[in-house]
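The values are calculated or read from the model by the stated rules, or taken from the named source; none is laboratory data. Computed from a predicted model, the values in this text were never measured in an experiment. Ideal geometry is used to build each Cβ from the backbone, glycine not excepted, and the neighbour counts take in all protein chains shown. For the accessible areas, the whole protein counts, side chains as well, though only heavy atoms, and no ligand, DNA or RNA atoms are used. Shrake-Rupley method; radii C 1.70, N 1.55, O 1.52, S 1.80 Å.
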Amino acid sequence: MAGSYEMNMTSGPLLGKILTFSFPLMCSGVLQLLFNAADIIVVGRYTGHTALAAVGSTSSLINLIVNLFVGLSVGANVLIARSYGAKNMDAVHKGVHTAMLTAVVGGVFLIFVGVAASRPMLSLMGTPDDVIDQAALYLRIYFVGAPSLLVYNFGAAILRAVGDTRRPLYFLTLAGIINVVLNLVFVIVFSLGVAGVALATIISQTVSAYLVVVCLQHNTGAFRLVLHELRIDPAQFREILRIGVPAGVQGMVFSLSNVLIQSSVNSFGSAVMAGNTAASNIEGFVYTCMNAVSQTSMSFVSQNVGARRFARVDKVVAQCMMLSAAVGVGLGLSAYLAGRWLLAIYTSDAQVITYGLYRMSVVCTTYFLCGWMDCLACSVRGLGASVLPMVVSIIGACLLRIVWVMTIFQWERTQLCLYISYPVSWGLTTVVHLICFLVLRKKVRAQNPEEPAAAAA
């Protein structure tokens, strides 16, 4: 039965497989965002705009702390996909158990780090006095659920590596429904405020983690999870670290630049914070759909590198770039045009809606550039490079954005000047990633010449 969920990415028609793989991944990403969206909508509607600002202002800090470990799941995905493409099932088995034990240990570690660092970090971000207490409470409860968050992400990465994006979608659908119901119960019935939405989030994440573990346990292939065989294989762990740590560091630095931008947004007051929160949440739905295409490119490139089908790699990247552009332009413009209506779902405050729409006019209309940037970075990572896309992204997107905030924004302290740093950094980084991909592709193909059968496929 497990085989029906797997996908051979190294042969057969390509575009249909890319769409089949990426669409459930898009839906899964949207459902994950609904966890946070449900939190924001419920507190915005039933608790007030300070609670809305409190929950929304935590997202960049959460990403800063957890991204290193989520990045390790990227390393697990690339490693297992490559082994699967090469039909090295022993390596697949060892990779699965190493990855899942890493998730558990990392999640426990994050409980202590997240709980201890929450309030000090919020203070460093300049979080207003009327927001900081609620934001700190939300973060402390959220990080108690860190093991479930990582177990699900690593488990889903394993399933994606062998072509299965459907079952993670099923699990998140159930967890999303539970999250929404619990949000309403905890906030409206029990008046728990931000604590209620945080509890609802970690309960729903625990459900999704449990389901993905059970799924892996009941598989019959090489990626079956056997709990008493959980152990760290040194070679597999080193490879996960080699690929995953740079991906995680990249995510952390991105989050650091977003924390800096959030601090700049905080300087405009709680109304602008609330508008920025709602707009960012809407933009997240566009981003996660583009990111699904990027993750698709990484998995397809990794399997085809393992199978030494390098000509097929070129087709994968080209088609994923076109799909990412279509998603970014189509959804980005649609979100902006429907922005006032969408923002009204989060809040009835007209001023907050105006501030949110202003951000969307800059970010949503240029979001396809971010999709291209991520797609190329994931493709380079799928080729086996790990440090290169990290360095390019840190310098091109993160460092540039930080410098922008510390220089240009200081001269022109307006929301437009702050928000325009996003498309500028995306565009420049995309160009450099493209150059890196073309150079590395040539090098990898020269080192691993294709067999005639592989080239024909």
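Things to note:
- Evaluation of Asn219 against the conditions (1) of a type in the set (S, T, N, Q); (2) over 29 Å from Ser379 (Cβ atoms); (3) not in a helix (DSSP H, G or I) shows that the sole unmet condition is (2).
- Residue match in segment 408-425 (condition: open to solvent by 70 Å² or more (accessible area, probe 1.4 Å) and outside any helix (DSSP H, G or I)): yes
- Of all the listed residues (Ser280, Ser204, Ser263), the sole one being of a type in the set (Gly, Ala, Ser), open to solvent by less than 20 Å² (accessible area, probe 1.4 Å) and assigned to a helix (DSSP H, G or I) is Ser204.
- Picking from residues in segment 214-226 that are hydrophobic (A, V, I, L, M, F, W, C) and surrounded by fewer than 19 Cβ atoms within 10 Å (Cβ to Cβ), the one that is nearest to the chain's Cα centre (by Cα) is Val214.
- In segment 308-331, the condition of being among the polar types (S, T, N, Q), more than 23 Å from Arg441 (Cα to Cα), surrounded by fewer than 24 Cβ atoms within 10 Å (Cβ to Cβ) and in contact with a helix residue (DSSP H, G or I) (Cβ under 9 Å, 6 or more places away or on another chain) is met by no residue.
- Restricting Ala51, Ala86 to those that are at negative phi and in contact with a Lys or Arg (Cβ under 9 Å, 6 or more places away or on another chain) reduces the list to Ala86.
- Residue that is most open to solvent (accessible area, probe 1.4 Å), among those in segment 356-396 that are within 18 Å of the chain's Cα centre (by Cα) and β-branched (Val, Ile, Thr): Ile394
- Test result for Thr173, surrounded by fewer than 22 Cβ atoms within 10 Å (Cβ to Cβ), of a type in the set (S, T, N, Q), touching a helix residue (DSSP H, G or I) at 6+ places or on another chain (Cβ under 7 Å) and farther than 17 Å from Ala198 by Cα: yes
- Selection from segment 426-457 of residues that are in a helix (DSSP H, G or I), surrounded by fewer than 13 Cβ atoms within 10 Å (Cβ to Cβ) and modelled with pLDDT under 75: Gln447, Pro452, Ala453, Ala456
- Any chance Val105 is among the aliphatic types (A, V, I, L, M) and surrounded by 22 or more Cβ atoms within 10 Å (Cβ to Cβ): no
- Counting only helices (runs of 4 or more DSSP H) that sit completely within segment 1-96, those holding 2 or more residues that are among the charged types (D, E, K, R) correspond to 14-46.
- Residue pairs whose Cβ atoms lie under 9 Å apart, sitting 6 or more positions apart in sequence or on different chains, and linking a residue in segment 379-402 that is on the phi > 0 side of the Ramachandran plot to a partner that is open to solvent by less than 10 Å² (accessible area, probe 1.4 Å), are Gly384/Val78; Gly384/Ile243; Gly384/Ser302.
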